[in-house]
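The values are calculated or read from the model by the stated rules, or taken from the named source; none is laboratory data. Fair warning: this is a prediction, and the values are worked out from it, not measured in the lab. Cβ coordinates were reconstructed from backbone atoms using ideal geometry, including for glycine residues, and neighbour counts include every protein chain displayed. Ligands, DNA and RNA are excluded from the accessible area calculation, which covers all protein heavy atoms including side chains. Shrake-Rupley method; radii C 1.70, N 1.55, O 1.52, S 1.80 Å.
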Number of protein chains: 4
Amino acid sequence: MTKEKIKQAALVAFAKGGYEGMSLAEVASAVGIKTPSIYAFFKSKQDLFMTIYHELLDEHAAQLVQQTNVMEIEGSEQRLRKVVEAMLDYHLREQTKTEFLTRVNLFPPDFLKDEMRSRFAANEQQIRSSLVAIFSEGIEQGDIQSEPLHELVDSFLCLLDGLFLQTFYYNKETLETSFFHAWKFYWQGISNRTANC
Amino acid sequence: MTKEKIKQAALVAFAKGGYEGMSLAEVASAVGIKTPSIYAFFKSKQDLFMTIYHELLDEHAAQLVQQTNVMEIEGSEQRLRKVVEAMLDYHLREQTKTEFLTRVNLFPPDFLKDEMRSRFAANEQQIRSSLVAIFSEGIEQGDIQSEPLHELVDSFLCLLDGLFLQTFYYNKETLETSFFHAWKFYWQGISNRTANC
Amino acid sequence: MTKEKIKQAALVAFAKGGYEGMSLAEVASAVGIKTPSIYAFFKSKQDLFMTIYHELLDEHAAQLVQQTNVMEIEGSEQRLRKVVEAMLDYHLREQTKTEFLTRVNLFPPDFLKDEMRSRFAANEQQIRSSLVAIFSEGIEQGDIQSEPLHELVDSFLCLLDGLFLQTFYYNKETLETSFFHAWKFYWQGISNRTANC
Amino acid sequence: MTKEKIKQAALVAFAKGGYEGMSLAEVASAVGIKTPSIYAFFKSKQDLFMTIYHELLDEHAAQLVQQTNVMEIEGSEQRLRKVVEAMLDYHLREQTKTEFLTRVNLFPPDFLKDEMRSRFAANEQQIRSSLVAIFSEGIEQGDIQSEPLHELVDSFLCLLDGLFLQTFYYNKETLETSFFHAWKFYWQGISNRTANC
DNA sequence: AATGAATGAGCCTTCATTCAT
DNA sequence: CATGAATGAAGGCTCATTCAT
């Protein structure tokens, strides 16, 4: 359907050029229609942008929550590691969507600045509570040091952010190496090693 | 001097809107001149952009190297921590410059994409070698685990990137808390704790 | 009936914005249909316009003739005054229609300019002959000075036009005061006052 | 100078098509420049419009006041008649300006509605006080009936409005005839004829 | 009778840039 | 140095209209 094709093309264009740098003409041409036809489906450039933005936000949140909650099988290290891997995987697989979301989050167009802050806060809260669950379980099971949960979450999010940023300027292999090493020391930092001594 | 004022205003404008989103008219008006006057100093928008970009890149590299090398006094933890703190400090103090550089690095305008990659690689190499020095010294002194240097550097850079990204969406306090906790576990992960057991 | 609703909404829109300023989308939305549906009833914007225009012209002419002819009861002053009052009343009651007609008459869209002149002339002739009847009767009965009929009609039409124009920028009260005073001196000017001396 | 030519062409275009009906392309082409060049002189279509509007308003007011005040030579009838004649003359001579002003006054674009009302009121007050002077002098000299001044002014303005409106649909000759007859009875209505009996 | 999809034409406006002064 | 004037290119958007369904 045309509407879907427009959204797809617009996503790519927004990701490449940002809100200002994207042109409806470019999108229309990619879809194979004329610029004004876009207005049959979206009432403005902003509307098109917001539609994509909200859909992506939902998809992204769903993805994350799913990855954090679904598997209660394995040990704490595996679970946490899976969270990171899932994120990296998503970002490597859906590079365009990641670029779009990152761009918007870091450099939102003026009209978005307000909505952004609140959305972002809500989003982070969701993730945090998912993580809290994993960490507290890990502590109970003796895998993870008994430290304040929010401290553990803070440090985990920092790791996540670091790897996420590297998505942008490392290629897949370098990224995986980086992840491997970062994780190694991170896990050493939070895991319960008293048993070993 | 007018030229300097133009660069200053342009920096702000580029940081706010990116290459596409910044307009020469806006800059001129901020400086208090008319748009064509800019062409007395820069031969094009791109030229203006590149000038700022290169100057900032140099300044930034100098800053980083300096922060990594200068102090050979204190212990390993203090030195590494200072590196992070210096970076955070710089980014908080020079928000505009940071925004500009980040934007360019993550979402470079088309004509920059090529130059970018190489510049970035060189920059990173510089930092890595500075860090290698710190880490190897730390290992020698028994503060840090005797692990492959590049692995330690990888994990440190990941921490750095994570905190850097958080610069964008955390306020100063939240950021400091995050840093505190991230660092705590990070240091636990790399420091030599066999002595304690 | 949809067709009628379209005409009604279009009338309002044309009155508000003139031919160029009115948009079919606006009308469709007011009616609660989609723009292309209008084409099921009118073959073009111009057609819609002309339909309304002609209907209004007929209605208006009928109104005027009726007001001028109906009452043969009262004296000359009362009859003439009633003509003015009827016109003012109509214009105050049917403001939208008045605006539409006035706009078209004073500033017709290009394609109407020709038809306009002839229509207008015919219309005026109709009114003039109605007025001639009143004036000649008034002269016969000694109420009005024995002056050339067309002169009396000219002056009456000028009064009518003046009050009509004031419809647009005076509110009801101011307009009534203006009418009261204008009429007072007008009647003094045409009535037969020799008897009083 | 180009700016003046733009204003001239725009005046014509606005008069012909109203605010919505006028296009900057049309104006530019009339002046012999490209559309964006207009923006070197006026910051928007609205700005161009307002500039013309205010200038015309001033010119018009000046014209009227001048005509009403200057000549204190002749008798009351001559003075009042001159006011009407001057107005008619102005409107016949400057048809475009008249069309522009009338259009704006009767059917102002949305953004003007507010300013309009107040401007109009001020304008009318100016005219009224000029007329009061003439009428009171006329009464003192016994030319005009001793009636309340504001009543006389009301009736005079009504005459003026009537003739003004006729400017739009009568040609010069018809208009002059109409003026001649309207004035004849009007003057009979307000002049002091007791002396004649 | 109504509409979803599409479009050509046109509108106002911004922008980077040039050039003569 | 600085600017006034001008412009080609492009951008977002609206509009009347068509056509298949």
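Figures for the structure shown
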{"quantity": "Karplus-derived HN-Hα couplings along the stretch D:132-144 (A = 6.51, B = -1.76, C = 1.60, θ = phi - 60°), whole Hz, x at Gly and Pro", "calculated": "3, 4, 4, 5, 5, 4, x, 5, 4, 7, x, 7, 10"}
{"quantity": "Inter-copy label distances at residue B:115 (7 Å, Cα→Cβ; nm, one decimal)", "calculated": "3.5, 4.6, 6.4"}
{"quantity": "The stretch B:1-42 - charge dipole about Cα centre, Lys and Arg +1 at Cβ, Asp and Glu -1, debye rounded to 20", "calculated": "120"}
{"quantity": "Where rotation carries C onto A, the chain C residue whose Cβ is nearest that axis, in whole Å", "calculated": "C:36, 3"}
{"quantity": "In nm, spacing of pseudo-spin labels at residue C:122 and residue B:193 (7 Å Cα→C-beta vector)", "calculated": "10.1"}
{"quantity": "Solution diffusion estimate, µm²/s, Stokes-Einstein, the stretch D:90-197, Kirkwood Rh from C-alpha pairs, 37 °C, viscosity 0.692 mPa s", "calculated": "206"}
{"quantity": "Accessible area (Å², 1.4 Å probe, nearest 10) - residue A:187", "calculated": "40"}
{"quantity": "For the stretch C:23-33, Karplus couplings with θ = phi - 60° (6.51, -1.76, 1.60), whole Hz, Gly/Pro x", "calculated": "10, 4, 4, 4, 5, 4, 5, 5, 7, x, 10"}
{"quantity": "Label spacing, shortest first and in nm, from residue D:77 to its equivalents in the remaining copies (7 angstrom along Cα→Cβ)", "calculated": "2.4, 11.3, 11.8"}
{"quantity": "Mean separation of Cα contacts under 8 Å (6+ apart) over length of chain C, as relative contact order %", "calculated": "21"}
{"quantity": "Residue range of chain B that is longest and free of GluC sites (Glu not before Pro) which are both DSSP loop and sparsely packed (at most 12 other C-beta within 10 Å)", "calculated": "B:75-197"}
{"quantity": "Distance from the stretch A:117-143 to the stretch D:92-119 (C-alpha centre basis), Å", "calculated": "65"}
{"quantity": "Other copies of residue B:137: label-to-label distances in nm, shortest first, labels 7 Å along the beta-carbon direction", "calculated": "4.4, 10.0, 11.7"}
{"quantity": "Charged-residue dipole, Cβ positions (Lys, Arg, Asp, Glu), the protein assembly as shown about Cα centre, Debye nearest 20", "calculated": "1300"}
{"quantity": "Pairs of Cα atoms farther than 29 Å apart, chain C, %", "calculated": "35"}
{"quantity": "Computed [θ] at 222 nm, deg cm²/dmol, the protein assembly as shown (DSSP H ≥ 4; -39,500 (n - 2.57); rounded to nearest 500)", "calculated": "-26000 deg cm²/dmol"}
{"quantity": "Other-chain or far-sequence residues with amide H under 5 Å of residue C:144's (modelled H)", "calculated": "C:139, C:192"}
{"quantity": "Kirkwood Rh, Cα atoms: Rg over Rh of the stretch A:1-118", "calculated": "1.07"}
{"quantity": "Per residue Cα convex hull volume in Å³ - calculated over the stretch D:109-152", "calculated": "66"}
{"quantity": "Whole-number Å³ per residue for the convex hull built on Cα positions in the stretch D:1-42", "calculated": "57"}
{"quantity": "Cα long-axis angle, helix D:2-21 against chain D (0 to 90 degrees, to the nearest 10)", "calculated": "80"}
{"quantity": "Degrees, to the nearest 10: D:45-69 long Cα axis against longest axis of chain D", "calculated": "20"}
{"quantity": "Loop-resident sites, the stretch B:1-40, for trypsin sites (Lys or Arg not before Pro), counting at most 15 other Cβ within 10 Å (DSSP)", "calculated": "B:34"}
{"quantity": "Listed residue (B:40, B:132, B:91) projecting farthest to the positive dipole end of chain B, Cβ model", "calculated": "B:40"}
{"quantity": "Calculated Rg and Dmax of the protein assembly as shown using C-alpha coordinates, Å", "calculated": "40.9, 135"}
{"quantity": "Dipole magnitude of chain A, debye to nearest 20 (Cβ charges: Lys/Arg +1, Asp/Glu -1, about Cα centre)", "calculated": "780"}
{"quantity": "Rounded to 10°, Cα long-axis angle of helix C:149-169 versus longest principal axis of chain C", "calculated": "50"}
{"quantity": "Label point distance in nm, residue B:177-residue C:113, each placed 7 Å from Cα along Cα→Cβ", "calculated": "7.4"}
